[in-house]
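Peer 1: Let me begin by handing over the structure; questions about it come next.
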C-alpha cells in the first residue's frame, strides 16, 4: 500500500512500506531453468518517485512544496505522508483521470486496452537466493500479556490493549537463541500446534528474509499488528522495521508455513546463512 498518498474512500490507509530484497525466477519443474520475474510496481516506483519522466496515459503529476518537512507533508491536501519513512519526502504525487479523488506516490502499472493478449504464465515453482536463520517459539499472543496503551504507557492489570489492537489467537511470539523476543509468526493453518502455546527450545523454526517492512512507531495503525501493543516490541527510533517468512522443507523444496515479522536488528544479529531456495 505504499503507492497510496491519499484515499478518498478511507481514513485508515495502512502506512506500512515493503521493500523487496530478492530477485525471483519462475520454473516449470524444480530442475528446469529459471525465468526472471519482473516487478512492474517496483519499476514504476523507482522511475517516477523522484523524477520527471514522461507519464503513462491518463496520469497527471502534481508538485509538492520542497520546503515542506516530512512531518509537515502529512498536512498536504489532507493526506498522510506514508511513503518510505527512512528517506526524503517525494517531490510530487500523481492522480489518474479515472480516479481524480485518489492520490498516489507513483503511477500504477495499469494494463493498456490496446496491448495484445498474453497467455498467463503457469509456473508452479519460484526460486531466489536469500538468507535464513533458525529461531524458537515463545508462546501464543494473548490479551493478558504485558503491553502498552496508545500513549505508550504500560498497561495496568486487567486493562485491555488500545482500541483497534489486533489480538489473534492464531499467532505466536518467537525468540532467538539468547532468549530475546524477536517477533511474531502467523501460520497458514489453524489451529496452532501444541508446541506454539509456550516457550519451546526443542522446536527450531526456519525463517528466510524476503522483504523488509517498516511502519512508523508513532502511528496508531501499528496497533493493527499482532505485536503492536506488546511491551517487548522495540519502539525506539522513528520506525518499527522487520523481515519475514517462515518455511519448512520437503524433498528439497521449500513450502511457506506462514508470514511473520522479525525485528530488523535482531534478525541481522543472527547467524544467518545464504541459500538458494526453490519454493512451491
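Only the coordinates and a few stated rules stand behind these numbers; no lab work does. What you are looking at is a predicted structure, and each value in this text was computed from that prediction instead of being measured. Cβ: placed from backbone, ideal geometry, glycine included. Neighbour counts: every protein chain shown.
Peer 1: Using a basic spin-label model with each label point 7 Å from the Cα along Cα→Cβ, how many nm lie between residue 98 and residue 47?
Peer 2: Distance between the two pseudo-spin positions: 1.7 nm.
Peer 1: If I model a spin label at residue 194 and residue 253 as a point 7 Å from the Cα along the Cα→Cβ vector, what separation in nanometres do I get?
Peer 2: Taking the two extended label points, one gets 3.0 nm.
Peer 1: Using R₀ = 25 Å, calculate the FRET efficiency as 1/(1 + (r/R₀)^6) where r is the Cβ-Cβ separation of residue 206 and residue 37; round to 0.05. Before the final figure, lay out each step's value.
Peer 2: Numbers: r = 23 Å, r/R0 = 0.93.
Using R0 = 25 Å, I get an efficiency of 0.60.
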